[in-house]
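*Asks:* Questions regarding the structure given below will be posed in turn.
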Amino acid sequence: MRRFLSLLALCGGLLAAVCTEPASVSAQERGQTIIRCGQQTPVKGSPRFFTGTVRIDPLYAANNAMRSSGGSVTFEPGARSHWHVHPVGQVLIVTAGIGLTQEWGKPIQEIRAGDVVICPAKVKHWHGAAPGSAMTHISICEETEPGKVVEWLEPVTDSQYAGR
């Protein structure tokens, strides 16, 4: 659970060991892993990393063969992440609603269901729901070391969120 909290608390992060296999078992010998819908417990986004109401649904954790991990994050209207950076970058796939994202020093961008946001490594940014709409996105991040996918910074102020 500690790993999943690092990942999505957002990546957003929450890394939970989805599957533990002996190191001697190769990925090919293991075969595919299927994580059934509902097997993972949703977590409320911590006020240390988010403003407003946020739910994080873990999807998959990084393992020895893949350093990426993913989660589905739902922001209620007006909810947003704090400013943050990812050491390897982040991909967001918006699955529902209308959201906002912003890179430090640049204008706020609206994002909608079907949009994909690719944020390069070490770019300071935030993302969340628009004022009048909830927004859900899938977040995919890569670890640089176990549990290290995001560096959390200061909260996004109401003025920043409003684009002032």
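*Asks:* Can you send over the solvent-accessible area of Arg55, 1.4 Å probe, protein chains only, in Å² to the nearest 10?
*Replies:* So the heavy atoms of Arg55 present about 110 Å² to solvent.
*Asks:* What FRET efficiency, computed as 1/(1 + (r/R0)^6) with R0 = 41 Å and r the Cβ-Cβ distance, is obtained for Thr157 and Arg67, rounded to the nearest 0.05? Don't skip to the end; give the middle numbers.
*Replies:* Details: r = 33 Å, r/R0 = 0.81.
So the FRET efficiency works out to roughly 0.80.
*Asks:* Something else now. Consider all pairwise Cα distances in segment 43-157 and report the whole-number % of them above 23 Å. It would help to have the intermediate numbers written out before the result.
*Replies:* Values: 1282 of 6555 pairs.
Value for segment 43-157: 20 percent of Cα pairs lie more than 23 Å apart.
*Asks:* Moving on. Under 16 Å from the 7 Å Cα→Cβ point of Ile118, by amide nitrogen: which residues of segment 57-98?
*Replies:* Of the residues in segment 57-98, 88-94 have backbone N under 16 Å from the label point off Ile118.
The values are calculated or read from the model by the stated rules, or taken from the named source; none is laboratory data. Just so it is clear, the structure is predicted and the values come from calculations on it, not from any experiment. Don't worry about glycine lacking a Cβ; one is built from the backbone with ideal geometry, like all the others, and counts go over all protein chains shown. For the accessible areas, the whole protein counts, side chains as well, though only heavy atoms, and no ligand, DNA or RNA atoms are used. Shrake-Rupley method; radii C 1.70, N 1.55, O 1.52, S 1.80 Å.
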